[in-house]
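The values are calculated or read from the model by the stated rules, or taken from the named source; none is laboratory data. All of these numbers come straight from a predicted model, not from anything done at the bench. Neighbour counts are summed over all protein chains in view; Cβ atoms, including those assigned to glycine, are modelled from backbone coordinates with ideal geometry. Surface areas here come from the heavy atoms of the whole protein model, side chains and all, with no ligands, DNA or RNA. Shrake-Rupley method; radii C 1.70, N 1.55, O 1.52, S 1.80 Å.
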Amino acid sequence: MANERLRGAIIESGLTLDQVAERLGVSAKTVERWINEPKRQPYRRFKYAAASLLQREMSYLWPEERTSAEVTEAGGAELVKLYPHRSVVPNRIWPQLYAGSTRQFDVLVYSGFWLTEDAAFHQVVKEKSAAGVPVRFMLGDPDSAAVALRGADEGIGGAMASKIRNALVNYAPLFGLPGVEFRLHSTTLYNSIYRADDEMLANGHLYGVGAYMAPLLHIQRVPGGELFDAYAESVERVWERARRISSPKVMGGSDA
C-alpha cells in the first residue's frame, strides 16, 4: 500500500516531486519509491528533512517510525564481515559475489586496477552480460580534480590517473558487450563500492594510504536495515552524474 500521507503532503505543499527531491538532495525516483514502496524506508535524516519541508510531523508521514535501538540492531545484522584491510580479503570473493547477481552488478571505484587483471572477474562479467544482467562500471575521470586530489592523498600523484587509463585498457574486451556500460565520474569517493543485488563490499578510503590498506565491509540488505541502502543510494548519485564512454580511449567530454 502506498504512503498516501506522504503523497498528500507533497501535493498540498504545491511542490513537484522534482522540487522536493532537489531540496532534500535525492533523486525524484527516490521520492517516488518512498511513496510507492513504503517498505523502503528513507534514512532518518531524510525523514526529518521531509517533515520540515512539508510542515508535517515525522510520525504523521511515517507512523511506523522505529526507535534508534531497532535501527542499530538491524544495522548490526547487515554486517556480514569486517576486514581490517582490503589486501587480506581472498581474491575469490569478488567473482563469487558477482556470480550471484541477477539484478544489480555495480563497480564504483577510482581505478580498481587490481580487479581488471582478474581473469575470473572478466569471465563473470561476460556471463552476466549474456544472461541479461545490467553491468555498470563507474571509474574516476582521469582528468578530474577529484582524481588528482586522490593521487596526491595517496602519495602517488599522477599515477592515479595513469592507473585509471590502464584499467580501461584492460577492460577493452568488455566494451560493447550487451548491458555493460562504462561511465567516468568526477566525484570525491569515500569508499569504493562493489555491489551485487543485495550484497556489497565497501572499501573505505583513508588519507595517506592506498585503498588496499583500508578497511572493507561485507554487508547485506536486511529488512529494516539502513546501512546497505545508505551505500546503495551513494552509488546511484554517482551514476546519475557520471558521463558515459563507449570506448576505453578517454577523451574530454562525452563520447556517447
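When the residues of region 226-248 are filtered to those that are charged (D, E, K, R) and not in a helix (DSSP H, G or I), which remaining residue is surrounded by the fewest Cβ atoms within 10 Å (Cβ to Cβ)? Only one residue tops the list, namely Arg244. Note on region 209-225: among residues that are open to solvent by 40 Å² or more (accessible area, probe 1.4 Å) and part of a loop (DSSP other than H, G, I, E, B), the one that is farthest from Tyr110 (Cα to Cα) is Pro223. Of all residues in region 31-58, those that are more than 15 Å from Gly8 (Cα to Cα) have Cβ atoms under 6 Å from Cβ atoms of residues that are of a type in the set (Asp, Glu), 6 or more apart or on another chain, in Tyr43/Glu226. Taken over region 13-28, the criterion of being outside any loop (DSSP other than H, G, I, E, B) and in contact (Cβ under 8 Å) with a residue 12 or more places away in the chain is satisfied by Ser13, Leu17, Val20, Arg23, Leu24. Pro134 meets the conditions (1) under 18 Å from the mean Cα position of the chain (by Cα); (2) open to solvent by less than 50 Å² (accessible area, probe 1.4 Å) in every case but one. The failed one is (2). Looking only at region 120-128, decide whether some residue is surrounded by fewer than 18 Cβ atoms within 10 Å (Cβ to Cβ) and not in a helix (DSSP H, G or I). The answer is no, given that none of the residues of region 120-128 is surrounded by fewer than 18 Cβ atoms within 10 Å (Cβ to Cβ) and not in a helix (DSSP H, G or I). Total residues in region 72-119 satisfying the condition of being assigned to a loop (DSSP other than H, G, I, E, B) and closer than 23 Å to Gly210 by Cβ: the figure is 12. Close contacts from region 117-141, counting a first residue that is under 17 Å from Pro178 (Cα atoms) and a second that is buried (at least 18 other Cβ atoms within 10 Å of the Cβ) and among the polar types (S, T, N, Q), with Cβ to Cβ under 7 Å and a gap of 6+ residues or different chains, come to Lys128/Ser101; Val133/Ser101; Val135/Ser129. Whether a residue is touching a Gly at 6+ places or on another chain (Cβ under 9 Å), touching a residue at least 24 places away in the same chain (Cβ under 8 Å) and surrounded by 18 or more Cβ atoms within 10 Å (Cβ to Cβ) was assessed, and Tyr98 does not pass this test. Is at least one residue of region 173-190 open to solvent by 40 Å² or more (accessible area, probe 1.4 Å) and among the aliphatic types (A, V, I, L, M)? Yes - at least one qualifying residue is present in region 173-190. Checking each residue of region 247-254 against the condition of being at pLDDT below 90, under 20 Å from Glu199 (Cβ atoms) and of a type in the set (A, V, I, L, M, F, W, C) gives no match. Candidates in region 17-68 are the residues that are small (Gly, Ala, Ser) and at pLDDT 85 or above; of these, the one that is surrounded by the most Cβ atoms within 10 Å (Cβ to Cβ) is Ala50.
Tell me, which residue of region 129-185 that is assigned to a strand (DSSP E or B) and of a type in the set (Val, Ile, Thr) is farthest from Val235 (Cα to Cα)?
Filtering region 129-185 for residues that are assigned to a strand (DSSP E or B) and of a type in the set (Val, Ile, Thr), the one farthest from Val235 (Cα to Cα) comes out as Val180.
Considering each residue of region 146-157 in turn, at least one proves to be without any contact (Cβ under 8 Å) to a residue 40 or more places away in the chain and open to solvent by less than 30 Å² (accessible area, probe 1.4 Å).
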